[in-house]
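Enquirer: Supplied in structure tokens, the structure appears directly below.
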Amino acid sequence: MRIIRLSIAFICFQAGLTFAASIEEQINLYINQVEIPRLSEIYPDAAISISLNNLAALNYLPDCESGSIQINNQRPDAIKRTNYEISCQSPTWKSYIPVTQSISIPAIKTTTPINRGQVISQSNTDVGEVDISTLRGDVFTLKKPPYGLIASRNLRINTFITDDLTSLPTLVKKGDLVLITASSGTIIVRMNGVALENGVKGQQIRVKNTSSERIIYGKVVTNSEVLVNY
């Protein structure tokens, strides 16, 4: 019975804190208990900070008789800027406060200039902290490195690498001898062929069967094999 009374007292004490808290304090509580945990799930390794803008406008809002206000992030998918909708039921009012977010994650960047068409590897990259709002495209991390891809344009030193700056390397070149693998259910047939165009991994290219002279389309699997499904 003693434990039950203590629990009720703790709940009442928490309620009293909520009632006494200012609007700014309640918004900061929302940031720390809702928004930062939510963003941390999306960006597990990120350093996240959220700041409120135009705080002076909060001074002109009437006191909320119910004590606690309702807060809603209008742009939960935003990376940099969003607005919080804040409202009260008694008296009834609604307002908006602009918010700036900073989401910094460890990402792969160049340590030397990388020329267009050059292979990206551990030897010409390193890890650094970057605010993802400053980048276009999806950034590469140690969990998803860009090693083996090639630069789609010239990259300066200390450039954070995104998917917009990379492309797949050419595995098969026009004129290369390739192994054509054709499969249908459990039946697999292999034959020699020649590539009639360049291709990256997963790309469909034209190949010619050197025995039948037949031209078919096959998917690039490795630098010496294409797959044909029947």
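Enquirer: How many residues, within the stretch 135-147, are of a type in the set (A, V, I, L, M), part of a loop (DSSP other than H, G, I, E, B) and under 10 Å from residue 107 (Cα atoms)? Spell out how you get there, then give the answer.
Expert: Going residue by residue through the stretch 135-147, those that are of a type in the set (A, V, I, L, M) are 135, 139, 142.
Add one more test, that the residue is part of a loop (DSSP other than H, G, I, E, B), and what stays is 135, 142.
Going one step further and asking which of them are under 10 Å from residue 107 (Cα atoms), we end up with 142.
So the answer is 1.
Enquirer: Let me ask something else. Can you tell me how many residues in the stretch 169-226 are among the charged types (D, E, K, R) and more than 30 Å from residue 146 (Cα to Cα)?
Expert: 4
Enquirer: Looking at 198, 192, can you tell me which residue is free of Cβ contacts under 8 Å to residues at least 24 places away in the same chain and either of a type in the set (Lys, Arg) or touching a Ser or Thr at 6+ places or on another chain (Cβ under 6 Å) (or both)?
Expert: Details: 198 fails: free of Cβ contacts under 8 Å to residues at least 24 places away in the same chain.
After applying the criteria, what remains is 192.
Enquirer: Within the stretch 81-95, track down each residue that is assigned to a strand (DSSP E or B) and either touching a residue at least 12 places away in the same chain (Cβ under 8 Å) or of a type outside the set (D, E, K, R) (or both).
Expert: First, the residues of the stretch 81-95 that are assigned to a strand (DSSP E or B): 81-89, 92-95.
Passing the criteria: 81, 82, 83, 84, 85, 86, 87, 88, 89, 92, 93, 95.
Enquirer: Going through the stretch 97-137 one residue at a time, which ones are farther than 25 Å from residue 163 by Cα and either modelled with pLDDT under 95 or not hydroxyl-bearing (Ser, Thr, Tyr) (or both)? Outline the logic, then answer.
Expert: First, the residues of the stretch 97-137 that are farther than 25 Å from residue 163 by Cα: 97-100.
Within the stretch 97-137, 97, 98, 99 meet the criteria.
Enquirer: If you don't mind, there's one more thing I want to ask. Could you tell me which numbered condition residue 32 fails, if it satisfies all but one of (1) more than 26 Å from residue 143 (Cβ to Cβ); (2) in a loop (DSSP other than H, G, I, E, B)?
Expert: Result: residue 32 fails condition (2) only.
Enquirer: Collect the residues in the stretch 166-207 that are part of a strand (DSSP E or B) and of a type in the set (S, T, N, Q), keeping them in residue-number order.
Expert: Residues satisfying the conditions are 166, 167, 170, 181, 183, 184, 192, 204.
Enquirer: Also, I was wondering about something else. Which residue pairs have Cβ atoms closer than 7 Å, lie 6 or more positions apart in sequence or on different chains, and pair a first residue in the stretch 34-58 that is aromatic (Phe, Trp, Tyr) with a second residue that is surrounded by 13 or more Cβ atoms within 10 Å (Cβ to Cβ)?
Expert: If the second residue must be surrounded by 13 or more Cβ atoms within 10 Å (Cβ to Cβ), the pairs left are 43/103; 43/105.
One line per residue, one yes/no per condition, for (1) closer than 30 Å to residue 107 by Cα; (2) surrounded by fewer than 16 Cβ atoms within 10 Å (Cβ to Cβ):
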residue: 149; (1), (2): yes, no
residue: 164; (1), (2): yes, yes
residue: 173; (1), (2): no, yes
residue: 189; (1), (2): no, yes
residue: 197; (1), (2): no, yes
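Enquirer: Can you find a residue in the stretch 216-223 that is touching an Asp or Glu at 6+ places or on another chain (Cβ under 6 Å) and at pLDDT 90 or above? Explain how you work it out, then say what you get.
Expert: The first filter runs over the stretch 216-223 and keeps only residues touching an Asp or Glu at 6+ places or on another chain (Cβ under 6 Å), leaving none.
No, the stretch 216-223 contains no residue that is touching an Asp or Glu at 6+ places or on another chain (Cβ under 6 Å) and at pLDDT 90 or above.
Enquirer: Are any residues in the stretch 63-99 among the hydroxyl-bearing types (Ser, Thr, Tyr) and exposed (fewer than 14 other Cβ atoms within 10 Å of the Cβ), and if so, which ones?
Expert: Keep residues of the stretch 63-99 that are among the hydroxyl-bearing types (Ser, Thr, Tyr), which gives 66, 68, 82, 84, 87, 90, 92, 95-96.
Hits for the stretch 63-99 are 66, 90, 92.
Enquirer: Name the residues in the stretch 64-80 that are under 29 Å from the mean Cα position of the chain (by Cα) and either in a loop (DSSP other than H, G, I, E, B) or among the acidic types (Asp, Glu) (or both), would you?
Expert: Scanning the stretch 64-80 gives 74, 75, 76, 77, 78, 79, 80.
The values are calculated or read from the model by the stated rules, or taken from the named source; none is laboratory data. Note that the structure is a prediction, hence the values are computed from the model and not measured. Quick reminder, even Gly has a Cβ in these numbers, built from the backbone with ideal geometry, and neighbours come from all protein chains shown.
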